[in-house]
Each structure stands twice: as structure tokens, then as C-alpha cells.
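**Student:** Have a look at the structure that comes next, please.
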Amino acid sequence: MATIMSDRPLPSQPLAPPVSPYSGDARPVSPHARQLSGVRVLVVDDIQEDRMLLMDFLSQQGCRVYIAQDGRDGYSKARTVQPDLILMDIRMPVCDGLGACRLLKADPGTRDIPLIFLTAAALPGERVAGLSAGAVDYVTKPYDFEEVRLRLSIHLKTAAPAPTVASEGDKLTSLPVQAHTLDAVLFRATRALLLDRLDTTPELTGLASAVGTNTRRLNLAFRRCVGVTVFDFLREERMKEARRLLADTSLDVQEVASAVGFASAANFATAFRERFGMPPSAFRERVAQVEPTPDESGAPPSP
């Protein structure tokens, strides 16, 4: 789909401003307005009327406006256009705002673009989910255009990307595909969801929906990136975390099992033995044997 930019002539009358205590010439001009001139803004919303409202307003501020109709279209256009900021509706068909946000933040080419969610009902849980996915702010509908202008100005000021540092997960998993391909982006976004909740076994359909794809495409991305399916990858990550917990904490075996998604300590012990060749208790004993025992007297070692 071709990128849609705003080239419509400006209306003869400005859009109605929000209710203000000022009137006529006494209303001050926002000092932030000039900062939006030339800014590239991607608006992602499935409702045409809402898209056009924002496009008209932002065009009057001198912005270059690009339009997308759902999360998948928005992600694709963000990679192509590289906007300075994204305004995205959170509830859309095909791929919702949360799924698109996860993809954008998992892609090295788009992760630093600030994203503001648009919503008609910003419930506390929805706000937390959006901010956790990587959004920087919310704007509620119906729009207060002065608020929209101020929020854009504030987040554009703070949008300078920080130096890129490889995350621990990136260091542990070297991908045989380029980091910006869709396979890698789907893998990184899904991996973040899995590692955040190792104690929970997700439904594959729900997991795929959370990153804006389907189960077949998601498993294909995992096979191309790490050579295994989603649940094979999850099992391996659980075993690695279990090994760490047994070595570095005093949690008992049942607590470790629960922490990595096993309801039964017996099932966990079987899985651990299959992976590492010994039961959890024997592994913990071996770790204790190789760790140096401190001198109980506290005296320095004899020469």
C-alpha cells in the first residue's frame, strides 16, 4: 500500500480549539507550535473520521502526516517512512495497537521512535499494558488538540535515541537472520513475552495474536531464527532458568518448579534430568561441592 501523505488544502477556518478560558486575540499562541513544523507523524487508526481529524490538525501545524489503517499496516509504514513520532489507536482489527507496538520495539530500525496510543477508554489496565509494551504516552478521544500538540512537542524533545546496548537476551541468542527482518522481529517480540512469564504456559494462538501474526507464521519465524518451535524454545529457557535458580538461590525444588511453569515437582524433576542428565537435587549437591567453602574462623589463609 502506498504511503499516504497529507496534501489536502488547509481549510479556510481553523479547527475548533478546545474549550479555553481565553477568547479572541487574548488567547496566547502555544510556544510549542513552531516545533512541529516539518515533523513526520504516522497516524495509525482504523476509523477514517479519526484519522482525518488528526491529519487536518497536524497539517495545520506544519507536520508531514502519513496514514495507516491497522497495526500491521502501521508497522510496515513505520519501517519505510521512519517517522519522528507515531500516534496509534490501541483497538484495531487485523493487528491491534499493542501487537504493533511490540513489533516496533523489537525491531532495531523502529524501536527508538516514540509511540503515543490513542484510545477512547484508557482503563488503568490498558494503560499499564500499553506502557509495558513500549508506548511513551496516551491521548484520549475525543481529542483536545492543544493536549495533542503539547504531548507531541514534549516527546519529540526527549526522543533522542540512547546509544544501543545489546540486551542480555541478544547476547545469549545470536540470530542467523538479519536483525531487522520480520522473522527476527517476531522472534524478539515473542521472546520478550515468554521470558517475562516463564511460570505461565501461553496459548499459541494468543501469543501469535499478541505480536500481530498467526501460529504457523510464528513457529516459522522461530525455526528460522533458532531452529526450534515456540514451545521447544520455551522449554529450553525454562530449564536454563531452573538451573540458575537451583545454583544461585535457596528455593526448594517445588518452588523452582513453580517458578518455571511446572505444577508438579515430579514432572519438573523428570524434565530437568532429561535435559541435564541428573535430577535437580543432585545438580544442587554438585554445585555445592565445587563452590569454595569460606574459612569459618575468618582468619586469613596460612602462607
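**Student:** Tell me, what ³J(HN,Hα) does each residue in region 63-77 have, in order and in whole Hz, if you take phi through Karplus 6.51 cos²θ - 1.76 cosθ + 1.60 with θ = phi - 60° and put x for Gly and Pro?
**Tutor:** Result, ordered by residue: 6, 9, 10, 10, 10, 9, 9, 7, x, 5, 4, x, 4, 4, 5 Hz.
**Student:** For region 168-290, with equal point scatterers placed on the C-alpha atoms only and solvent neglected, what are the log10 I(q)/I(0) values from the Debye formula at q = 0.10, 0.12 1/Å, to two decimals?
**Tutor:** Result of the Debye calculation: -0.35, -0.49.
**Student:** Given labels modelled 7 Å from the Cα in the Cβ direction, how far is it in nm from Ala129 to Ile154?
**Tutor:** 2.4
**Student:** Give me the number: length gained by fully extending Arg223 to Ala288, i.e. 0.36 nm times residue separation minus the C-alpha to C-alpha distance, one decimal in nm.
**Tutor:** Length gained between Arg223 and Ala288: 19.7 nm.
**Student:** Let's see if you can work this out: charge +1 on each Lys and Arg Cβ, -1 on each Asp and Glu Cβ, no other charges. What is the dipole magnitude of region 32-157 about its Cα centre, in debye to the nearest 20?
**Tutor:** The dipole magnitude comes to about 460 debye.
**Student:** Continuing with the same structure: At Leu251 and Glu49, where each label point lies 7 Å from the Cα along Cα→Cβ, what is the point-to-point distance in nanometres?
**Tutor:** 5.1
**Student:** Ok, one more. Enumerate the calculated ³J(HN,Hα) couplings along region 89-100 in order (Karplus 6.51 cos²θ - 1.76 cosθ + 1.60, θ = phi - 60°), each rounded to whole Hz, writing x wherever the residue is Gly or Pro.
**Tutor:** 5, 8, 10, 9, x, 6, 8, 6, x, 5, x, 5
**Student:** Separate question: For Thr270 paired with Arg40, estimate the spin-label separation in nm (one decimal), with each label point 7 Å from Cα along the Cα-to-Cβ line.
**Tutor:** 5.5
Each reported figure results from applying straightforward, stated rules to the coordinates on display, with no laboratory input. On a predicted model such as this, the values are computed, not experimentally measured, just so you know. Here Cβ is always computed from backbone atoms with ideal geometry, including for glycine, and neighbour counts include all displayed protein chains.
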